[in-house]
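Written below as structure tokens is the structure these notes are about.
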Amino acid sequence: MRLIDGLNKAQRVVVVVATGIVLMAFGIYLTSLGSPRLGWYIYPALGTGVGRPGTGLPAWLRLIIWLGLTGIWAAASAVVLRPPPGQTGRVRGHERAR
């Protein structure tokens with residue numbers, strides 16, 4: 001028995017949205033690694049260099065991170081929103097018109 005078998009459809013949607021929010025926060029953290037910090041980072045009178053911080057991760061690497069996290073979210077959503085075993089996709093109590 002899966003952990004989510006006891007959840008109704010609305011609760012499953014909440015799980016999917018919460019998973020997306022968590023993955024988005026993690027993606028923002030990952031893609032901001034190595035990025036320049038905002039603010040005053042070198043005072044010209046005290047610094048000896050130009051004061052240009054690193055520019056962060058390359059664009060292709062940020063794209064791969066976001067695509068990977070989106071793929072994880074899509075796969076998790078498919079698993080969570082899948083109907084429980086033994087239940088069809090039809091709504092109970094409604095017969096298909098012939």
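The values are calculated or read from the model by the stated rules, or taken from the named source; none is laboratory data. Remember, it's a predicted structure, so these values are computed and weren't measured experimentally. Positions of Cβ are backbone-derived with ideal geometry, glycine not excepted, and every protein chain shown enters the neighbour counts.
Would you check if there is a residue in region 5-19 being at pLDDT below 85 and surrounded by 10 or more Cβ atoms within 10 Å (Cβ to Cβ)? Yes - at least one qualifying residue is present in region 5-19. On inspection, A59 passes the criterion of being at pLDDT 85 or above, loosely packed, with under 10 Cβ neighbours inside 10 Å and of a type in the set (A, V, I, L, M, F, W, C).
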